[in-house]
Structures are given as structure tokens and as C-alpha cells.
1. Six or more apart or on different chains, Cβ atoms under 9 Å: show the pairs whose first residue is in region 41-68 and in contact (Cβ under 8 Å) with a residue 12 or more places away in the chain and at negative phi and whose second is surrounded by 10 or more Cβ atoms within 10 Å (Cβ to Cβ) and not in a helix (DSSP H, G or I).
2. Looking at residue 94, is it touching a residue at least 40 places away in the same chain (Cβ under 8 Å) and assigned to a helix (DSSP H, G or I)?
3. Can you tell me which condition residue 111 does not meet? The list is (1) crowded, with 16+ Cβ neighbours inside 10 Å; (2) closer than 30 Å to residue 178 by Cα; (3) modelled with pLDDT under 95, and all the others hold.
4. Could you list, in sequence order, the residues of region 78-101 that are under 18 Å from residue 162 (Cβ atoms) and loosely packed, with under 13 Cβ neighbours inside 10 Å?
5. When you go through 129, 136, 105 one by one, which is the residue that is surrounded by 15 or more Cβ atoms within 10 Å (Cβ to Cβ), modelled with pLDDT under 95 and within 20 Å of residue 76 (Cα to Cα)?
């Protein structure tokens with residue numbers, strides 16, 4: 001295509017929203033995928049996660065029946081200090097990624113929220129029926145769980161903005177979509193695409 005056939009910025013700015021959406025849809029439908037799709041990799045991920053969920057059910061029942069109610073561990077201090085060091089590093093890296101507006105911040109925000117929730121869980125359950133039970137429960141309810149929910153909400157907000165931007169560039173409405181039904185960027189969902197073409 002010659003440069004004469006490519007509209008200028010001024011011409012594009014004069015287009016209506018419908019005209020822009022039509023061109024964006026056409027570009028999206030005719031452009032080659034930026035990455036190669038891998039059905040085998042997707043199937044492997046589904047198999048591993050589904051199998052993991054199935055195997056953990058009897059394993060959890062077994063642990064509940066076999067583990068002792070009390071245990072003394074020589075690695076107790078190392079386990080908790082190491083965990084908190086890891087949590088500190090995750091928080092620092094998350095702050096850096098958010099500061100520099102990196103997309104990886106979505107993953108790190110999710111990891112930080114998860115680790116903080118796990119921290120609260122073990123703090124409360126391992127201090128149960130001890131002198132530290134009240135403080136652990138209070139810390140979990142007032143600090144750890146609310147912060148974890150905030151971080152998770154922040155990650156979901158960024159993810160929603162990313163998907164909305166992609167949908168806009170594809171020429172589809174980004175006003176109403178659900179994170180639960182939105183497909184991954186490079187894996188097309190026929191039903192999803194058809195429903196959006198009607199908008």
C-alpha cells in the first residue's frame with residue numbers, strides 16, 4: 001500500500017466513532033496474531049490445574065486424618081523469617097512496577113495479595129488457643145485481609161483497563177464486559193466475538 005492510501009492523522013480525527021470502530025474491527029480481523037497459538041500448551045495447563053485440584057481433595061482429607069494436632073519444628077524461625085523476607089521483596093517489586101506503570105504489576109499485586117492472605121491464615125490458625133490468638137486475629141482483620149483485598153482490587157482494576165483498551169483498539173465496545181467472560185488477548189472465543197460484533 002502506498003502512503004497516499006493511508007489516511008492522515010487529521011483525516012482519522014475527523015472520523016466518527018462508528019467509522020473508527022469499523023476500521024479497528026477490520027484491522028483486528030485481518031491482522032496476523034502477534035503470537036502463535038499453542039493448543040497443546042493450553043491443554044497442558046488445563047490438565048495440570050484440573051488434576052491438581054482433583055488430587056488435592058484426597059490429599060487434604062489424608063492430612064486432616066494423619067497429621068498430629070501439635071508439632072515442634074526446629075525450622076520455625078527460619079520458615080517465618082524467610083516468608084517475611086520474600087513478602088518484603090514482593091511488596092518492593094510491586095511498588096516499583098506500579099510506579100513505572102508496568103503490566104507485570106497485575107501479577108505482582110495478585111501474588112502480594114495471596115501471600116498476605118496466607119500470612120494472615122497461618123498467623124491466626126497457628127496462634128489459636130495461645131496468648132497471641134487475639135493479636136493475630138486483630139491484625140488479620142484490621143490490616144492483612146483489608147490490604148490484601150485492596151491489592152487484589154487494584155490488580156483487577158489495572159487488568160480491566162488493559163482489556164478495555166484492547167477492546168477499544170479492536171473496534172468493540174468496552175463499556176460492558178465481565179472479567180469472568182473476557183477471553184485472553186490472543187485466544188479468540190467465537191461466541192464472545194460474535195456477541196461483541198452485534199454491539
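The values are calculated or read from the model by the stated rules, or taken from the named source; none is laboratory data. Values in this document were obtained by computation on a predicted structure and should not be read as measured data. Every residue, glycine among them, receives a Cβ derived from its backbone with ideal geometry; neighbour counts consider all protein chains shown.
1. Every condition considered, the pairs that remain are 42/187.
2. Yes: the conditions hold for residue 94.
3. Exception for residue 111: condition (3).
4. Residues of region 78-101 under 18 Å from residue 162 (Cβ atoms): 94, 97-101.
Scanning region 78-101 gives 99, 100, 101.
5. Residue meeting the stated conditions: 136.
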